[in-house]
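The values are calculated or read from the model by the stated rules, or taken from the named source; none is laboratory data. Predicted model, so just to flag it, every value in this text is computed and none were measured. Neighbour counts run over all protein chains shown; Cβ positions are idealised from the backbone, glycine included. Keep in mind that these areas ignore ligands, DNA and RNA; they rest on the heavy atoms of the full protein, side chains included. Shrake-Rupley method; radii C 1.70, N 1.55, O 1.52, S 1.80 Å.
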Amino acid sequence: MGYCHCESCRTWSAGPVNAFTLWQPDAVKITRGADNVGTFSKTARSNRKWCKTCGGHVFTEHPGWGVTDVYAAVIPNFPFKAGLHVNYQETKLRMKDGLPKMKDMPKEMGGSGITVEE
Ligand SMILES: [Zn+2]
């Protein structure tokens, strides 16, 4: 769990950061209203899912990374606890919370693995 500061997330979420929770894809199942979930694939790395009734964002599949990001804000009463910030070089909202700030992404996800100042 953490916060993404990239421009793509900011534009999609219409917020200064995106609070993400990453799950194994098979741990996420739509139990009701699957017909009502739209998909937009900005790139091959992301399938953005949104609600056709209210237009709200639901989650994003990241097939290349083998994870599904369910936005923390859409999980009722979820005990969100961020562990890091990613893409902090693109930040528009500095968050001085003492958590690691990755310049881009962790090495294991194809990034530089470099951390930067808060
Ligand atoms: Zn992002």
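Provide the per-residue ³J(HN,Hα) series for the range 71-88, in order, calculated from phi with Karplus coefficients 6.51, -1.76, 1.60 and θ = phi - 60°, each as a whole number of Hz, with x at glycine and proline positions.
Result, rounded to whole Hz: 4, 3, 5, 9, 9, x, 6, 6, x, 5, 9, 5, x, 6, 10, 10, 6, 5.
For I114, project a label point 7 Å along Cα to C-beta. Then give me every residue of the range 78-107 with its amide nitrogen under 16 Å of that point.
Taking a point 7 Å out along Cα→Cβ of I114, the residues of the range 78-107 whose backbone N falls under 16 Å are 86-91, 101-107.
Between the range 20-53 and the range 60-108, how far is it from one alpha carbon centroid to the other, in angstrom?
The two parts, judged by their Cα centres, are 17 Å apart.
Sort T31, T39, T68 by accessible area with a 1.4 Å probe, largest first.
Accessible-area ranking of T31, T39, T68, largest first: T31, T39, T68.
Scan around T115 for amide H atoms under 5 Å from its own, H built in the peptide plane at 1.01 Å from N, and keep only partners 5 or more places away or cross-chain.
Residues meeting the amide H criterion: K103.
What accessible area, in Å² to the nearest ten, does a 1.4 Å probe give for W23?
Accessible area of W23: about 80 Å².
Leaving ligands, DNA and RNA out of it, work out the accessible area of R94 with a 1.4 Å probe and give it in Å² to the nearest 10.
140 Å²
Given R₀ = 30 Å, FRET efficiency for D26-K96 by Cβ-Cβ distance, to 0.05?
Between D26 and K96 the formula returns 0.25.
Farthest toward the dipole's positive end in the chain, which of I30, T115, Q89, given Cβ charges of +1 (Lys, Arg) and -1 (Asp, Glu) about the Cα centre?
Among I30, T115, Q89, the one farthest towards the positive end of the dipole of the chain is I30.
In whole percent, how big is the carbon plus sulfur part of the accessible area of the chain, probe 1.4 Å, protein atoms only?
Taking all protein chains in place, the chain shows 54 percent carbon and sulfur surface.
Quick check: net charge around D97, other residues with Cβ under 12 Å of its Cβ, Lys/Arg +1 and Asp/Glu -1? Can you show the working numbers first?
Working: positive: K81, R94, K96, K101; negative: E118.
That works out to +3.
Can you classify the chain as rounded, prolate or oblate using the Cα gyration tensor, where a ≥ b ≥ c are the square roots of its eigenvalues, rounded means a/c under 1.5, and otherwise it's prolate if a/b beats b/c and oblate if not?
prolate
Any idea what the relative contact order of the chain is, in percent, if you count C-alpha pairs under 8 Å spaced at least 6 apart?
Numbers: 224 pairs, mean separation 29.5, N = 118.
This gives 25 percent for the chain.
Highest GNM mean-square fluctuation, the chain, Cα pairs closer than 10 Å: which of A44, A72, A19?
In the Gaussian network model the winner is A44.
Within a Cβ distance under 12 Å of Y71, other residues only, what is the Lys/Arg minus Asp/Glu net charge?
Net of charged neighbours comes to +1.
So what is the accessible area of the chain per residue, in Å², with the probe set to 1.4 Å? Don't skip to the answer; put the middle values down first.
Details: 7280 Å² over 118 residues.
Accessible surface, normalised per residue, equals 62 Å².
Report the net charge of residues surrounding G83, where surrounding means a beta-carbon distance below 13 angstrom and charges are Lys +1, Arg +1, Asp -1, Glu -1.
Working: positive: K81, K101; negative: D97.
Combined, the nearby Lys, Arg, Asp and Glu give +1.
Identify the residues of the range 1-26 with backbone N under 12 Å of a label point that sits 7 angstrom from the Cα of K103 along the Cα-to-Cβ direction, or state none.
Correct set: none at all.
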